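Any read-out appearing in this document is the output of simple, stated calculations on the displayed coordinates, not a laboratory observation. Predicted, not measured: the structure shown is a model, and the values here were computed from it. Neighbour counts are summed over all protein chains in view; Cβ atoms, including those assigned to glycine, are modelled from backbone coordinates with ideal geometry.
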Amino acid sequence: MGANAERPKGRLEIPRIIPALRSVAEGWVLPDLPGPRWVFLLGGTLTTVGEPVGQMQRRGWRVFVHVDMLRGLTPDLEGLTFLSEFAAPDGIITTHSHTVLAARKVGLITIQRLFLLDSLSITTGVAQARSARPDAVEVLPGILPEAAHQVVCALPCPVIAGGLLTDGTQVDRMVAAGVAGVSTSTPRLWAHAVRPVRREVR
C-alpha cells in the first residue's frame, strides 16, 4: 500500500490469531494459514524492512510495522511517507495519537496500542483512541478479558489483544470478551482457531 493508496473502506477482516515477530528474520517461520493472514512486525531497521515485508506480502500476509520500534525511522508525516513508498507495509502500529493521524494521511491502516495498567489508563486510552480514530486498537496485556471488554464497549473500532498469551484457553477467553483477534509471538498458538472475525472500518 503506497503513499497514494486509498485507505480500505467497509469490512476489515481480522484473523483470530495474528503472529507477532520480534525481528524481520522470523518471517520465514510463518505457516501457510487459511483465510486472512496478518502479521505484526515488532522490530527491525528502516533500511532492512522493505525486502521481508515484500516477501511476506507475496505469501499472502498483510504486514503491520510497529513504527515506534523501527530503528532509523522518525514516525512523522515525512518519515511515514518514506516508509510507505520504500517498504509499502499494509499498515502501522503505534502508541501515539499523532502518529495515527499522520499515517491516516499517508493512507496506511492504523492500529493504536493501549496499555491497560489501571482504570485511569483505560479511560485515558479510550479517550485518545476516540480522538485519533485508528482503524483498530490493540490492548496490552492480552490476558485481561474484563478490561478488554470495557474497551470493546467504549470504542467503535475493532479491538485486538496482545501480550502474555500462552495457551488457547486464554485466546478463547479474550475472544469471548469481544476482541476481534489476538496477537502473539508464541508459534504454537499461530494455528489456533484461525477463523476470522469481521469488523467495520470506520
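Go ahead and run the numbers for FRET between Ala154 and Ala176, Cβ-Cβ distance against an R0 of 25 Å, rounding to 0.05.
Values: r = 18 Å, r/R0 = 0.71.
Plugging the Cβ-Cβ distance into 1/(1 + (r/R0)^6) gives 0.90.
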Over the chain, relative contact order from alpha-carbon pairs under 8 Å, at least 6 apart, %: 26 percent
Net charge of neighbours whose Cβ lies under 15 Å from the Cβ of Thr169, counting Lys and Arg as +1 and Asp and Glu as -1: +1
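Can you put Asp76, Asp32 in order, fewest other beta carbons within 10 Å first? Show your work: numbers first, answer last.
Details: Asp76 11, Asp32 8.
By the 10 Å Cβ count, ascending: Asp32, Asp76.
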Can you give me the pair-distance distribution of the chain, C-alpha pairs, 5 Å bins, whole percents? 1, 8, 17, 21, 22, 17, 10, 3, 0
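Let's see if you can work this out: charge +1 on each Lys and Arg Cβ, -1 on each Asp and Glu Cβ, no other charges. What is the dipole magnitude of the chain about its Cα centre, in debye to the nearest 20? Walk me through the intermediate numbers first.
Numbers: 21 positive and 17 negative charges, 95 e Å.
Dipole size: approximately 460 debye.
Which value in deg cm²/dmol, rounded to the nearest 500, describes the helix-derived mean residue ellipticity at 222 nm for the chain, given -39,500 (n - 2.57) per DSSP H run of n ≥ 4 and division by the residue count?
Values: 6 runs with 62 residues, N = 202.
Computed mean residue ellipticity for the chain: -9000 deg cm²/dmol.
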Among Trp190, Trp38, Trp28, what is the fewest-to-most ranking by other Cβ atoms within 10 Å? Trp28, Trp190, Trp38
With labels modelled as points extended 7 Å from the Cα through the Cβ direction, what inter-label distance (nm, one decimal) is found for Asp32 paired with Ser131? 4.7 nm
Sorted from fewest to most neighbouring beta carbons within 10 Å, what does the list Leu144, Leu83 look like? Leu144, Leu83
Report the FRET efficiency, 1/(1 + (r/R0)^6), for Leu164 and Asp118, where r is their Cβ-Cβ distance and R0 is 22 Å, rounded to 0.05. 0.85
